[in-house]
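S.K.: Got a structure for you, written out below as C-alpha cells; questions coming shortly.
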Amino acid sequence: MQTETLSITGMTSASCAEAVQSALSTLEGVSDATVSLLRNQVEVTFDRSRTGIKQFQESLAKAGYGSRSADAALASQGSCCGGGCS
C-alpha cells in the first residue's frame, strides 16, 4: 500500500469533506481516504497497481473539487521542504 496527500480546492464545509471522502473511497484500490477540512487536504491509502493520482483527480473533479499533490502545492507556494531549499 502507498499513501499520498492531496491538497483540495473548493472544500468549505463538513459536507464537502464527506463528498471528497466518498469520491475517493469508492475507487477500486483505495483502502482509506482521510480528509482534513482544516488543512484542505486528503490522505489516500491505496494499491498503486490498481489506482493512482490521476484517477483521484478525475474522481474529485467529477465531484466538483480541484486537487493536486500536496508536495506540488507546497513547492508552488515557495515553502521549504527542509532539504536546504530557500
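The values are calculated or read from the model by the stated rules, or taken from the named source; none is laboratory data. Quick caveat: nothing in here was measured; it's all calculated off a predicted structure. Ideal geometry is used to build each Cβ from the backbone, glycine not excepted, and the neighbour counts take in all protein chains shown. Each accessible area value is taken on the protein alone, full model and side chains, heavy atoms only, with ligands, DNA and RNA left out. Shrake-Rupley method; radii C 1.70, N 1.55, O 1.52, S 1.80 Å.
S.K.: Loop only by DSSP, 16 or fewer other Cβ within 10 Å of the Cβ. Give me the GluC sites (Glu not before Pro) in region 3-43 that pass, ordered by residue number.
M.R.: Of the GluC sites (Glu not before Pro), the ones in loops of region 3-43 whose Cβ has at most 16 other Cβ atoms within 10 Å are GLU28.
S.K.: For region 1-55, which whole-number percentage of the solvent-accessible area (1.4 Å probe, protein heavy atoms only) is attributable to carbon and sulfur atoms?
M.R.: Its accessible area is 45 percent carbon and sulfur atoms.
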